[in-house]
Each structure stands twice: as C-alpha cells, then as structure tokens.
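Chemist: If you scroll down you'll find the structure; I have some questions about it.
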Amino acid sequence: MDKRVSAVHAPFGGLGLRSIKTAIAATLTALLYAFSSRNPTFACIGAVFGLGSDLDNSILGGGNRLIGTVLGGFIGLGLWEVEHWIFPEGNYFFRLPLIFVGIVALVSLSVYFRWPGGVQPGSVVLCIILFNTPADHVRYALDRMLDTGIGVIIAICVNQLLTRERMEKWLHIKNKK
C-alpha cells in the first residue's frame, strides 16, 4: 500500500488537509470578491501563499507575501516617479539601474524587517510596476497590497479555524501518531 495515500495528512487519495484548507481559503476569497467589482486573482494568490501547514507557517508565508508586496510596491512607485521625473515619457534603459537599485533596497529592507522571504514577491511587484507600467501605477500598487492582504488574512483565519485536530474530527480521520 502506498504510504502517501494512507498517511494522516493525506486522507483523500493524496490530498492532505492543507490542500483542502488551501482550496477553502482561495474559494472563500473568490466568494468575497464576487460581491465587488474587483478581480480576485491577487487576493486568491495571497490566500494560497498564506496557507501554511499550521498557523505559524501561515503567518510566515502570508507575511512574506504581504511584506514583500508592500515593500516592492512602495519601492516600485518611488522608482517609477524618479524615472518619469527625469524622463516624462519613460526610458527603458534608465530602468535597468533602477531595477538593480530597487532589488538591492528590497533585499536590504526585507532583511532589516526580518522578512527575507518577502524578496521574491516584492521583486515581482517591483518589476511589474517598472516594466509593465499600468495606466494608474499608484492604484495598481495599492490594489496589489490590499488584495494580497485580504487573501493572506483569509488564509490565516482558515488555518486558525480549521486546525488539524478539528478537521480530523469532522472528517472522521483517525490520528495514527
């Protein structure tokens, strides 16, 4: 018998409790957005990244995503403003040193705030702002921060409410520790 399928953490043909909670968090996030005119994509991504194996890992993973998005968003906004102050129409080659400076600043701030896992998601937002400049770059950055925060908060709440013990009891899974 395949041990992965029979393990306590994978009661449904390889799907573990964390997988189920991740699906619940993303679905609840999308449901919340159904009542608004906002696109749920980045909030759902925040929910997926924010659902860890336990509450501490949810806070760490979600915190990495949120802190990185906030830092990358603000750094990207600042660098976009510098570029367009010097080159009102923009200048691709001027962005090259800006992206270098931006990522160095992002890494430094992430380490300073003790969230080094925020570098990757922050770099994504930073690059989008500099290279895929949305029409309203300020609103774009703020929306990404808000959406990510909503998704992360929902994931943390799901992980807090649906503990392993509670889910095992509800799903009638015997703990084989």
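The values are calculated or read from the model by the stated rules, or taken from the named source; none is laboratory data. The structure presented is a predicted model; accordingly, all values stated were derived computationally and were not measured. Cβ coordinates were reconstructed from backbone atoms using ideal geometry, including for glycine residues, and neighbour counts include every protein chain displayed.
Chemist: From Pro88, Pro121, Pro116, Pro97, which residue is of a type outside the set (Asp, Glu) and within 24 Å of Arg38 (Cβ to Cβ)?
Modeler: Pro121
Chemist: Restricted to region 1-26, and to residues that are touching a helix residue (DSSP H, G or I) at 6+ places or on another chain (Cβ under 8 Å) and exposed (fewer than 14 other Cβ atoms within 10 Å of the Cβ), which residue is modelled with the lowest pLDDT? Walk me through how you get there before you give the answer.
Modeler: Of all residues in region 1-26, those touching a helix residue (DSSP H, G or I) at 6+ places or on another chain (Cβ under 8 Å) come to 8-14, 17, 20-22, 24-26.
Right, trim to exposed (fewer than 14 other Cβ atoms within 10 Å of the Cβ) and you get 12-14.
Values: Phe12: 60, Gly13: 63, Gly14: 64.
Among those residues, the one meeting the criterion is Phe12.
Chemist: Filter region 96-138 for residues that are surrounded by fewer than 21 Cβ atoms within 10 Å (Cβ to Cβ) and of a type in the set (S, T, N, Q) and give the result.
Modeler: Matches in region 96-138: Ser108, Gln120, Asn132, Thr133.
Chemist: Any chance region 107-114 includes a residue that's modelled with pLDDT under 90, in contact with a helix residue (DSSP H, G or I) (Cβ under 7 Å, 6 or more places away or on another chain) and farther than 25 Å from Pro40 by Cα?
Modeler: The first filter runs over region 107-114 and keeps only residues modelled with pLDDT under 90, leaving 113-114.
Restricting the remaining residues to those that are in contact with a helix residue (DSSP H, G or I) (Cβ under 7 Å, 6 or more places away or on another chain) gives 113.
In the following step, the residues that additionally are farther than 25 Å from Pro40 by Cα were identified as 113.
Looking through region 107-114, at least one residue is modelled with pLDDT under 90, in contact with a helix residue (DSSP H, G or I) (Cβ under 7 Å, 6 or more places away or on another chain) and farther than 25 Å from Pro40 by Cα.
Chemist: Scan region 144-167 for residues that are surrounded by 24 or more Cβ atoms within 10 Å (Cβ to Cβ) and more than 12 Å from the chain's Cα centre (by Cα) and jot them down.
Modeler: So the first thing to find is which residues in region 144-167 are surrounded by 24 or more Cβ atoms within 10 Å (Cβ to Cβ), and the list is 144, 148, 151-152, 154-155, 159.
Asn159 - this is the single residue of region 144-167 that is surrounded by 24 or more Cβ atoms within 10 Å (Cβ to Cβ) and more than 12 Å from the chain's Cα centre (by Cα).
Chemist: Test Thr29 against the stated conditions and say whether it is of a type outside the set (D, E, K, R), more than 17 Å from Val125 (Cβ to Cβ) and modelled with pLDDT of 90 or more.
Modeler: On the way: of a type outside the set (D, E, K, R): yes; more than 17 Å from Val125 (Cβ to Cβ): yes; modelled with pLDDT of 90 or more: yes.
Answer is yes for this residue.
Chemist: How do the helices (runs of 4 or more DSSP H) wholly within region 100-177 filter down when requiring 3 or more residues that are closer than 18 Å to Thr27 by Cβ and touching a residue at least 12 places away in the same chain (Cβ under 8 Å): which remain?
Modeler: On the way: elements: 119-131, 137-161, 164-170.
Hits in region 100-177: 137-161.
Chemist: Which one is surrounded by the most Cβ atoms within 10 Å (Cβ to Cβ), of the residues in region 77-93 that are of a type in the set (D, E, K, R) and in a helix (DSSP H, G or I)?
Modeler: Here is the first cut: in region 77-93, the ones of a type in the set (D, E, K, R) are 81, 83, 89.
Then keep just the ones that are in a helix (DSSP H, G or I); that gives 81, 83.
Numbers: Glu81: 12, Glu83: 19.
Looking at residues that are of a type in the set (D, E, K, R) and in a helix (DSSP H, G or I), I get Glu83.
Chemist: I'd like the residue in region 65-99 that is free of Cβ contacts under 8 Å to residues at least 24 places away in the same chain and β-branched (Val, Ile, Thr) and, out of all such residues, is farthest from Val48 (Cα to Cα). Steps first, please.
Modeler: Let us first name the residues in region 65-99 that are free of Cβ contacts under 8 Å to residues at least 24 places away in the same chain, namely 78, 81-82, 84-89, 91-94, 96-97.
After this cut, where a residue has to be β-branched (Val, Ile, Thr) as well, the list is 82, 86.
Working: Val82: 34, Ile86: 39 Å.
Result: Ile86.
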